[in-house]
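The values are calculated or read from the model by the stated rules, or taken from the named source; none is laboratory data. Since the structure is predicted, the reported quantities are computational estimates derived from the model, not experimental observations. We place every Cβ from the backbone using ideal geometry, glycine too, and count neighbours over all the protein chains shown. To get the accessible areas, we keep the full protein, side chains included, count just its heavy atoms, and leave off ligands, DNA and RNA. Shrake-Rupley method; radii C 1.70, N 1.55, O 1.52, S 1.80 Å.
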Amino acid sequence: MELRNLCAEEDRWRALSSWGPEPPAPPGTSWRALMRRALRLAGRAARMGEVPVGALVVDSEGNVLSSAHNETESLRDPTAHAEVLALRRASAVVGNHRLGGSVLVVTLEPCLMCAGALREARVSGVVFGASDARAGAVCSCLEGLDYARTGGAPWSYGGVEAEDCARLLRAFFRERR
């Protein structure tokens, strides 16, 4: 049996428009401003040779609890996705692995591993930039935040600064192929 990707590389990261009503951002900031911060982290990852994904965990007052970018190559750790690292750091800051009331802002739709970590951390919401047609587990391939019989699911809102997020990913992989 031959396995193949069903989606061309240039179509993998998509800049879909936002859907549904925009959830209110924490006081004193906006989702766009927070995503621009995450994009700067993603750019740092790209310069280090890491897949350019950046993430922030923000509390309900708008304080950034943690920030991270992908470090799978440098740490030689397949779980060192930006989302997981940001959740670990935020948990250390608050002294609890439960991050209720917080929101993860990330430049790329989380994969299934990260969606599971977000559920376990009990974040209130997830805001993402580009969608991922091959591995996205919020809405593109799977609905990993919404699996049944596991309690309340975090809300999600995608498409924030999506074109810039997708452009950064496309450029990174174009350079390497």
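Tabulated data for the structure shown
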| quantity | calculated |
| --- | --- |
| Every residue from the range 77-101 that is open to solvent by less than 50 Å² (accessible area, probe 1.4 Å) and of a type in the set (Gly, Ala, Ser) | Ala80, Ala82, Ala86, Ala90, Ser91, Gly101 |
| Sole exception among (1) modelled with pLDDT of 95 or more; (2) over 25 Å from Leu168 (Cα atoms) for Pro27, by number | (1) |
| In the range 102-136, residue least open to solvent (accessible area, probe 1.4 Å) [restricted to those that are in contact (Cβ under 8 Å) with a residue 60 or more places away in the chain and touching a Lys or Arg at 6+ places or on another chain (Cβ under 6 Å)] | Ser131 |
| Residue satisfying all of: in the range 19-43; under 14 Å from Tyr157 (Cβ atoms) and not hydrophobic (A, V, I, L, M, F, W, C); most open to solvent (accessible area, probe 1.4 Å) among these | Arg32 |
| Residue count for the range 50-91, restricted to those that are free of Cβ contacts under 8 Å to residues at least 24 places away in the same chain and of a type in the set (Asp, Glu) | 1 |
| Val94 being touching a residue at least 12 places away in the same chain (Cβ under 8 Å) and under 13 Å from the mean Cα position of the chain (by Cα) | no |
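Conditions tested, residue by residue: (1) at pLDDT 75 or above; (2) open to solvent by less than 60 Å² (accessible area, probe 1.4 Å).
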residue	(1), (2)
Val138	yes, yes
Leu142	no, no
Trp155	yes, no
Ala162	yes, yes
Cys165	yes, yes
Leu168	yes, yes
Phe172	yes, yes
Arg176	yes, no
